[in-house]
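Asker: Questions regarding the structure given below will be posed in turn.
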Amino acid sequence: MNGPSAMERRCAPQSRHVPVLLKEAVGFLRCRAGGRYVDATVGGGGYAEAILEASAPDGLLLGLDWDQAAVDRVRSRLAPYGPRVFLVWASFDGLSDVLQWHGWSSVDGIVADLGVSSDQLDDPRRGLSFLEDGPLDMRMNRAQGVTAAQLVNTMPEEELAWLIRSLGEERFARRIAAAICARRRIRPFTTTTDLAQVVAAAVPKSADTRRLHPATRTFLALRLAVNRELEVLERFLGSALQWLKPEGRLVVVSFHSLEDRIVKRCFQSWAASCRCPRDVPVCRCEGRPLAKVLTRKPVRPQAEEVARNPRARSARLRVVEKLS
């Protein structure tokens, strides 16, 4: 079995997060000296550092993250690159505002890793995992928004069941929602393990839970709802293409089917020549494709990478190139 690549070893210090499909993502970006690049979810800085190395000596990198702790952490990691780096505490759906504020009119490439970082998952204070007890928070930006505790303690049962089913793709959503509402009438939920235990008890023992903890899908649904992640992704995709130079590339790494579906659908719409409404029988828009999809099927991590980093197993990478 092969060990980590030199690029992956460079990206290991200062953050527990190991970037997924790093070599593939940076390769698709075709980084060059003097280029301008955006890491829309800078996280632990793995992609950012690799981009800076590949675009040396004068390529520029703008990094965004809606987790202030991540921005603070990565600032010291990327300090050796000096004026080539610009870091901003902002959600990636605010890309247009950030680029305008910095006076950038276009970029050569954008990468977005939609997954939760290991630094966030492994910190029980964030409330993103049930492996350790922590407050039921789940917010990426802890300065604003409702917490997961507020959702599970106040949402009507029907709405909660819909949320768990639609965002978590959980087939036992009704049973789980009923169990949550029954328990919260006795006392409200405040911690991750408290909720996980109630959810696990609601899932039939006959269900196949060998691969996933029975609370996994419910926690995913709550996290997506708390942070409005799918809405944020759609807004980001709605603005990203306009900032790319002709032949500039957008690389997106997703980790579950709902995200990947949105990315795939968006990329396909950009690659379509006709953008007339579906009920128009003959094309009248005389449209041209805006972009070319470079990944007919998503790129998946090799077995060696999954063995080194099990959290990579569900990653899917898609790439689109802007046409002139």
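Computed from the coordinates by the stated procedures, all read-outs in this text should not be read as laboratory data. Note that the coordinates shown come from a computational prediction; the quantities given were computed from them, not determined experimentally. Note: ideal-geometry Cβ built from the backbone for every residue, glycine included; neighbour counts use all protein chains shown.
Asker: What does DSSP give for the chain in terms of the percent of beta bridges that are antiparallel, rounded to the nearest 5?
Answerer: 40 percent
Asker: So how do Lys322, Lys292, Lys264 line up by other beta-carbon neighbours within 10 Å, fewest first? Don't skip to the answer; put the middle values down first.
Answerer: Working: Lys322 22, Lys292 15, Lys264 19.
With the fewest neighbours first, Lys322, Lys292, Lys264 line up as Lys292, Lys264, Lys322.
Asker: Okay, moving on. Modelling each spin label as a point 7 Å along the Cα-to-Cβ direction, I'd like the Val146/Lys297 distance in nm, to one decimal.
Answerer: The modelled label-to-label distance comes out at 4.1 nm.
Asker: What FRET efficiency comes out for the pair Ala201/Glu159, r = Cβ-Cβ distance, R0 = 22 Å, nearest 0.05?
Answerer: Here the calculated transfer efficiency is 0.55.
Asker: Here is a follow-up. Sort Ile180, Ile164 so that the residue with the fewest other Cβ atoms within 10 Å of its own Cβ comes first and the one with the most comes last.
Answerer: Result, fewest neighbours first: Ile180, Ile164.
Asker: Subtract the Cα-Cα distance of Val282 and Gln68 from 0.36 nm times their separation in residues, and report this length gain in nm to one decimal.
Answerer: 72.1 nm
Asker: Still on this structure, I have one more. Could you please rank Thr295, Thr41, placing first whichever residue has the fewest other Cβ atoms within 10 Å of its Cβ?
Answerer: Fewest-to-most Cβ neighbours within 10 Å comes out as Thr295, Thr41.
Asker: Continuing with the same structure: Across the range 11-162, how large is the tail of the calculated P(r) beyond 25 Å, expressed as a percent of all Cα pairs?
Answerer: Tail fraction, whole percent: 34.
Asker: Continuing with the same structure: Quick check on packing: order 146-152, 309-315 by the mean number of other C-beta atoms within 10 Å, highest mean leading.
Answerer: Descending packing order for the listed peptides: 146-152, 309-315.
Asker: So between Gln242 and Leu323, what do we pick up on full extension, going 0.36 nm a residue minus the alpha carbon distance?
Answerer: On the way: separation 81, 0.36 × 81 = 29.16 nm, distance 1.09 nm.
Gain on extension, Gln242 to Leu323, equals 28.1 nm.
Asker: Assuming R0 = 56 Å, can you tell me the calculated FRET efficiency for the pair Arg30 and Arg171, based on Cβ-Cβ distance, to the nearest 0.05? Numbers along the way, then the final one.
Answerer: Details: r = 42 Å, r/R0 = 0.76.
So the FRET efficiency works out to roughly 0.85.
Asker: Compute the distance from the alpha-carbon center of the range 105-120 to that of the range 79-97, in whole Å.
Answerer: The distance from the Cα centre of the range 105-120 to that of the range 79-97 comes to 11 Å.
Asker: Once you place label points 7 Å from the Cα toward the Cβ at Arg228 and Trp89, how far apart are they in nm?
Answerer: 2.0 nm
Asker: Evaluate the range 127-227: find the radius of gyration of its Cα atoms, find its Kirkwood radius, and give the ratio Rg to Rh. Before the final figure, lay out the partial values.
Answerer: Details: Rg = 12.3 Å, Rh = 13.3 Å.
Computed over Cα atoms, the ratio is 0.93.
Asker: How big is the shadow of the Cα convex hull of the chain, averaged over all directions, in nm²?
Answerer: One quarter of the hull surface, i.e. the mean projection, equals 18.7 nm².
Asker: Would you mind putting 247-254, 153-160 in packing order, based on average other-beta-carbon counts within 10 Å, highest first?
Answerer: The packing order, highest mean first, is 247-254, 153-160.
Asker: Modelled label-to-label distance, Ser118 and Glu304, 7 Å Cα→beta-carbon offset: nm?
Answerer: So the label points at Ser118 and Glu304 sit 1.8 nm apart.
Asker: Follow-up question, since we're still on this one. Can you give me the pair-distance distribution of the range 83-151, C-alpha pairs, 5 Å bins, whole percents?
Answerer: 3, 13, 19, 20, 14, 12, 10, 7, 2, 0
Asker: Count charges around Ala48 for me, please; just the other residues with Cβ under 9 Å from its Cβ, Lys/Arg as +1, Asp/Glu as -1.
Answerer: Surrounding charge for Ala48 is -1.
Asker: In addition: Please give the length that would be gained between His102 and Thr193 if that part of the chain were fully extended, namely 0.36 nm times their separation in residues minus their C-alpha to C-alpha distance (nm, one decimal). Kindly include the intermediate steps, with their values, before the conclusion.
Answerer: Values: separation 91, 0.36 × 91 = 32.76 nm, distance 4.28 nm.
Computed gain between His102 and Thr193 is 28.5 nm.
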